[in-house]
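Asker: One structure, as structure tokens, below. Some questions next.
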Amino acid sequence: MKNRNDACAKSICSLKEFFYKSVPFSLGLLLPVFLFGQQDHFFTLSNLKTRPLAMGGAFISMQDDMAAINYNPAAFDLYVPERGKHITLFFNPVSAVVGAVENSDIYQGDGDFVDDVLLSLSLLLKSVALSWNSVDVAILLGEEGLDLPQTFLDEKLFGVSGFRQNHTHSFVGRLRLADKISIGASANLHYQSDGDEPMQRRSDVGINYGIWLRPEPGLQVGVSLINLPNSMKQSRMPLERIVDESVNVGISYELLNSRLSVDVRNIGEEEEMAVREVHIGFEQVVWSHVAIRAGWYKKKESEHVYSVGLGLVDGNAFAGQNFSFGHRNFLFNYAFVYENNEIVDNRWHFLSFYLRL
């Protein structure tokens, strides 16, 4: 009990130091969002792509909890050491408030009863995960889609347009074969606006597979096979740059509190839309509760995409040693992505805030 109290006191002191030192710095980084946000597009309702996109999408080898599911299910990681049976809930308090205020806008257009129940649930309960020794399984609800019709590209800070027509529910399983290797798979139920009728939608299922390796301390390697529905082959092209039936390879290295990651997109895919690109990401943790991120990649069309991001407050500080994740679990995450296009430059903002129990 004494050790636990000492650990809690240490965490509180660490958090006080974090607030005094980092909050002014963090507000400075976020200031451009409020100065120029009226021209930009926001994905702030219900997404876990914030950390990956802040790092240029170079996330195939990166261990994470819910954020890893759509990139490499084998990198989906919760507790270390293994905790026997344990259920973890992930809550999204921001989207619950936004959903209550914008209720009439969320449920416009085509939908069905079962999906509307899951969609409503996702506005508060983002995910439920079960850890059982070397096995982790989870369901991820209501992940916002990025391939939106122009009519749904919202310039409001908390917009809900098109959410009912464009989202994904996922079920993932990960098996740790040894300390240095894991395999995983996910089944994804995709919803997307139907062609020229953005308020109508179509649905289909895609399956992803992955393997994750740690050849030596600090070095991680990931390989994932992404299968998208035939009717939605380009649904992950915006920003993520992933095509159907593609093999994606990533490698990352962590030294002290710094991590560098590199992905190669769409190896072995020969279709016209395929893009073999190198994506580079970097993350630096400072003051224990702040993560500064950056990323870059160059499109096939010779257009550059730059990203920066911020993570605040490591949730492991509140969980205690016995229930800490095997990776840092930042509760608040922001990403800014600048897409340099020939016709018009796009600026994208992503925000996520999740609590776990």
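Asker: Put a dot 7 Å past each Cα toward the Cβ at residue 306 and residue 323; how far apart are the dots in nm?
Answerer: Taking the simple label geometry, residue 323 and residue 306 are separated by 4.2 nm.
Asker: Taking the highest mean first, how do the peptides 56-62, 141-147 order by number of other beta carbon atoms within 10 angstrom per residue?
Answerer: Details: 56-62: 29.7, 141-147: 21.3.
Packing proxy ranking, top to bottom: 56-62, 141-147.
Asker: Multiply the residue separation of residue 135 and residue 344 by 0.36 nm, subtract the distance between their alpha-carbon atoms, and state the gained length in nm to one decimal.
Answerer: On the way: separation 209, 0.36 × 209 = 75.24 nm, distance 4.60 nm.
My answer for the length gained is 70.6 nm.
Asker: Could you please report the charge total around residue 200, scoring K, R as +1 and D, E as -1 over all other residues with beta-carbon less than 13 angstrom from its beta-carbon?
Answerer: On the way: positive: 164, 201, 202; negative: 110, 112, 194, 196, 197.
Local net charge: -2.
Asker: Considering only Cα-Cα distances, which of the following residue pairs are longer than 30 Å: 126/298; 156/298; 156/299?
Answerer: Details: 126/298 32 Å; 156/298 28 Å; 156/299 27 Å.
Cα-Cα > 30 Å for 126/298; rest within.
Asker: Additional query: Which order do the peptides 234-240, 221-227 take when ranked by the mean count of other beta-carbon atoms within 10 Å per residue, highest first?
Answerer: Working: 234-240: 19.1, 221-227: 20.9.
In decreasing order of mean packing, 234-240, 221-227 become 221-227, 234-240.
Asker: Is region 2-356 best put as rounded, prolate or oblate by its Cα gyration tensor, with a ≥ b ≥ c the root eigenvalues, rounded for a/c under 1.5, and otherwise prolate when a/b is larger than b/c, oblate when not?
Answerer: rounded
Asker: How far is the Cα center of region 207-244 from the Cα center of region 90-105, in Å?
Answerer: 29
Asker: Answer rounded, prolate or oblate for region 274-336, using the Cα gyration tensor with square roots of eigenvalues a ≥ b ≥ c: rounded when a/c is under 1.5, else prolate when a/b is larger than b/c, else oblate. Before the final figure, lay out each step's value.
Answerer: Working: a/c = 3.79, a/b = 2.53, b/c = 1.50.
Judged from the Cα gyration tensor, region 274-336 comes out prolate (a/c at least 1.5, a/b above b/c).
Asker: Run the numbers for residue 116 and residue 286: contour at 0.36 nm per residue of separation, minus the present Cα-Cα distance, in nm.
Answerer: That works out to 57.1 nm of additional length.
Asker: So, one more: Mark the label point 7 Å from the Cα of residue 179 along Cα→Cβ and return the residues of region 194-219 whose backbone N is within less than 17 Å of it.
Answerer: Residues 213-219 fall inside that zone.
Asker: Using the Cα centre as the reference, give the magnitude of the dipole from point charges on the C-beta atoms of the chain (Lys, Arg: +1; Asp, Glu: -1; all else neutral), rounded to the nearest 20 debye.
Answerer: Details: 31 positive and 42 negative charges, 357 e Å.
Taking the Cα centre of the chain as origin, the dipole is about 1720 debye.
Asker: Could you compute how fast region 159-217 diffuses translationally, taking Rh as the Kirkwood radius over C-alpha pairs and applying Stokes-Einstein at 37 °C with viscosity 0.692 mPa s? Give it in µm² per second. Intermediate results must be reported in sequence, preceding the final value.
Answerer: Numbers: Rh = 13.8 Å.
Once the numbers are plugged in, D ends up at 238 µm²/s.
Asker: Counting Lys and Arg as +1 and Asp and Glu as -1, what is the net charge of the other residues whose Cβ lies under 9 Å from the Cβ of residue 49? Show your work: numbers first, answer last.
Answerer: Values: positive: 51; negative: 143, 144, 240.
Within the 9 Å Cβ shell, the charges total -2.
Asker: Between residue 197 and residue 101, with labels modelled 7 Å along Cα→Cβ, what's the label distance in nm to one decimal, could you check?
Answerer: Distance between label points: 3.3 nm.
Asker: Would you mind computing Rg(Cα) / (2.2 N^0.38 Å) for region 103-234, counting N as its residues? Working shown, then result.
Answerer: Numbers: Rg = 17.3 Å, N = 132, 2.2 N^0.38 = 14.1 Å.
Relative to the rule-of-thumb radius for its length, region 103-234 sits at 1.23.
Asker: Would you mind putting 169-176, 111-118 in packing order, based on average other-beta-carbon counts within 10 Å, highest first? Please report the intermediate quantities before stating the final value.
Answerer: Values: 169-176: 19.9, 111-118: 11.9.
So the order, starting with the most tightly packed, is 169-176, 111-118.
Asker: How would you classify region 179-265 from its alpha-carbon gyration tensor, with a ≥ b ≥ c the square roots of the eigenvalues: rounded for a/c under 1.5, else prolate if a/b is greater than b/c, otherwise oblate? Walk me through the intermediate numbers first.
Answerer: Details: a/c = 3.26, a/b = 2.27, b/c = 1.43.
Prolate, because a/c is 1.5 or more and a/b exceeds b/c.
Asker: In whole percent, what relative contact order does the chain give with Cα contacts below 8 Å and a gap of six or more residues? The partial results should precede the final answer.
Answerer: Numbers: 905 pairs, mean separation 76.5, N = 357.
Relative contact order for the chain comes out at 21 percent.
Here, each number is a calculation from the coordinates, and none is a lab measurement. Being a predicted model, the structure only gives us computed values, none of them experimental. All Cβ positions, even for glycine, are placed from backbone atoms using ideal geometry, and neighbour counts span all protein chains on display.
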